[in-house]
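What follows draws every value from the coordinates through simple rules; no lab data is involved. Only a predicted model underlies this, so the values are computations on that prediction, with no experimental measurement involved. Glycine also receives a Cβ, built like all others from the backbone with ideal geometry; neighbour counts cover every protein chain displayed.
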Amino acid sequence: MKIVVLGGSPKGENGLTHLYVRFLRARFPPHAWSVQDVSATITSWEIDESNFSECIDAVRDADGILWAFPVYFYLVPGQYKRFIELIFERGLEDTFRGRYAAVLTTSIRFFDHTAHNYLHAICDDLGLRYCGFHSAAMDDLLRENERERLLDFGQNFLSALERQIPTARTYPALSERVFHYQPGPASERVDTQDKRLVIVTDLENEESTLGGMIRRFREAFSAAPEVVNLRAVDIAGGCVGCVQCGYDNICVYRDGFRAMFTGKLQTADIIVFAGSIRDRYLSSLWKIFFDRSFFNNHVPAFAGKQFGFILSGPFAQLANLRQIFQAYTEIQQANPAGYVTDEFGDSAKLDALLQNLAAEVVRLDTAGSIRTPTYLSIGGKKLFRDVVWGQFRHVFPADHRHYQRHGLYDFPQNNYGMRLMNGILYPFTRSRAMRMKTIDKLQELRKKQMLEIIGE
Ligand SMILES: Cc1cc2nc3c(=O)[nH]c(=O)nc-3n(C[C@H](O)[C@H](O)[C@H](O)COP(=O)(O)O)c2cc1C
C-alpha cells in the first residue's frame, strides 16, 4: 500500500509529530510511506507551484492519506489551514475523492477533539473515506501501552485500506445561501461612554456582506469603533512552534503582530471579531492570528473584556466552530456578548441584530458581566495548570511565574479546609448506614445555608 503523509507541523521533520509518523513507518515496513512537509513549506508552495504539484501528485498516487499534525489553538496550524484552502481554491477535490484517510495528532490534548472534528469534516467534504484518528499526548511514544495503541491505530487504518471497507459521511455538506445584504440606516446611536471598542477583521472586499455588516455595526455607535484589518498588519508568517516565547513572552518574529495585539487589542474594553467562514472555520489568516497570539502562552490575554462575533457564512451549521469560539472566550476570561450572522437572508433582521449587539457590548461591559464558566474552560484550565506545573515548567517559565503569583496552582492538596473535613468525615463512610446518614446531614446543612441566603 502507498501511504502519503501530509505533515502539518511547521517544524517539519524536526517536529514531534514526525516521530510518531516515523514510528508507524518503522513498524509497518512493507508499505511505501511518503511524507510531504506541508506546513513547513507551504509559504514557498504559494510562490512556486512545482512543490505543490509534487504533493498533489503524491496524493494522486497514494492508496491512503494520513493527515499528521500538531493541534494548534483548537484546530490545525494556520499553515496547514492554508493548504486545505488551496485544495478547494484550486479545485483539487477530485484528487482526494474516494481515497482512504486517517488523522494522527500530537498535543497536550487540549481541544484536540475540535481539531479532529474539523479535519474529519474536511475529509468528508473532500469525499475521502475517513477511517478514524489517533490523538497522541506529546510523550505517549515513551509509554509502552500508548505505543500499542498507536500500533493498533496504524493496523486498523492499513487493514481498512486492504479490505476496502465501506465508509459513510459523518458531517453533512454545508448548504450556503446567496444573500446580498443591504444595510439600512442606524435608527439610534449607542453611546460608547468612552469605552475602547475595536473590530478585528480580515475583510477583503468592502462591498461584501461582511463589509456591509461591519459598516452597519460601526454606524450603530456615537463614535465609530476602530477597525484593525489583519490584512494591513505586518504579519511576517505563521507561528513556527519554536516556543522561544515561553521564557519571557517575546516572539522570535520582529514584525507588527505584537504591537497590534498588545497596543490595540489588549487595551480595548470590547473586541468584536468579524470574519467570513472559509471551509469550516474562518480564513487561514485568522488562524495565523490566533496561533501567533500563543506568545501569551497559557495565560489569558483578554480577561474582563467583552467579545462580539460578526460572521458571514453558515455558522449555524458549524457547532464545532461555535464550541471553539465559546471555549476561546471562556479561556480568555472574556464574556461572549453575542454572535451575529448573515444566515437568515433578511437585511432588516440583520440590521436589528447588529444594532442589538452594539447595545449589548456596551451594556455588558458597563455591568462588568462575565458569564459563568462551563466545562470547556474549567476542564481546560485544570489541564493547563497541570502541564504548566509539571512537564512544561522549564519550557514555559513565564507561565509558571504567572501561575505562582496568581495562586493558580489550586490543587486540592492545598485546600486545608477540605482536607480537614475529609479527614473527619471519611471514617464515617466505612459503614453503609453511617455513610447515608452523613450524606443526608451534609445535604440538609447545605440546603439550610442556601435557604438562609434566599431569605426563606
Ligand atoms: C501555537 C501553538 C498552539 C498550540 N495549541 C495547542 C492546542 O490548542 N491544544 C493542544 O493540546 N496543544 C497545543 N499546542 C501544543 C502542540 O500541539 C504540541 O506541542 C505538539 O506536539 C507539537 O508538535 P510538533 O513538534 O510536531 O510541531 C500548541 C502549540 C503551539 C506552538
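Assorted remarks:
- Surrounding net charge for Asp124, when Lys and Arg each add one and Asp and Glu each subtract one, Cβ distance under 12 Å: +1
- For the chain, the 222 nm mean residue ellipticity estimated from helices alone, with every DSSP H stretch of n ≥ 4 adding -39500 (n - 2.57) and the total spread over all residues, rounds to -14000 deg cm²/dmol.
- Counting Lys and Arg as +1 and Asp and Glu as -1 over every other residue whose Cβ lies under 15 Å from the Cβ of Gly212, the net charge comes to -4.
- Semi-axes of the equivalent ellipsoid of segment 197-367 are 26, 17, 16 Å, computed as sqrt(5λ) over the eigenvalues of the C-alpha gyration tensor in descending order.
- Two-decimal ratio, the chain, of alpha-carbon radius of gyration to 2.2 N^0.38 Å: 1.10
- Antiparallel beta bridges, as assigned by DSSP with both residues in the chain, represent about 5 percent of the total such bridges.
- Electrostatic dipole magnitude of the chain [Cβ: Lys, Arg +1; Asp, Glu -1; Cα centre; debye, to 20]: 2040
- Taking the inverse of the mean 1/r over every pair of distinct Cα atoms in segment 144-246 gives a Kirkwood hydrodynamic radius of 19.8 Å.
- Summarising the strand pairing of segment 274-408, around 10 percent of its internal DSSP beta bridges are antiparallel.
- A Förster distance of 25 Å, applied to the separation of the beta-carbon atoms of Ser187 and Thr366, puts the FRET efficiency at 0.75.
- Taken about its Cα centre, segment 197-367 carries a charge dipole of roughly 260 debye when the Cβ of each Lys and Arg holds +1 and the Cβ of each Asp and Glu holds -1.
- Antiparallel %, DSSP beta bridges [both residues in segment 2-163], to 5: 5
- Placing unit charges on the Cβ atoms of the charged side chains and taking the dipole of segment 377-454 about its Cα centre, the candidate lying farthest along the positive direction among Phe384, Asn422, Ile439 is Ile439.
- Applying a length cut-off of 24 Å (Cα extent along the axis) and a mean Kyte-Doolittle floor of 0.0 to the DSSP H helices of the chain leaves 347-367.
- Dimensions of segment 2-163 along the principal axes, based on C-alpha atoms and rounded to the nearest Å, stand at 42, 35, 26, largest first.
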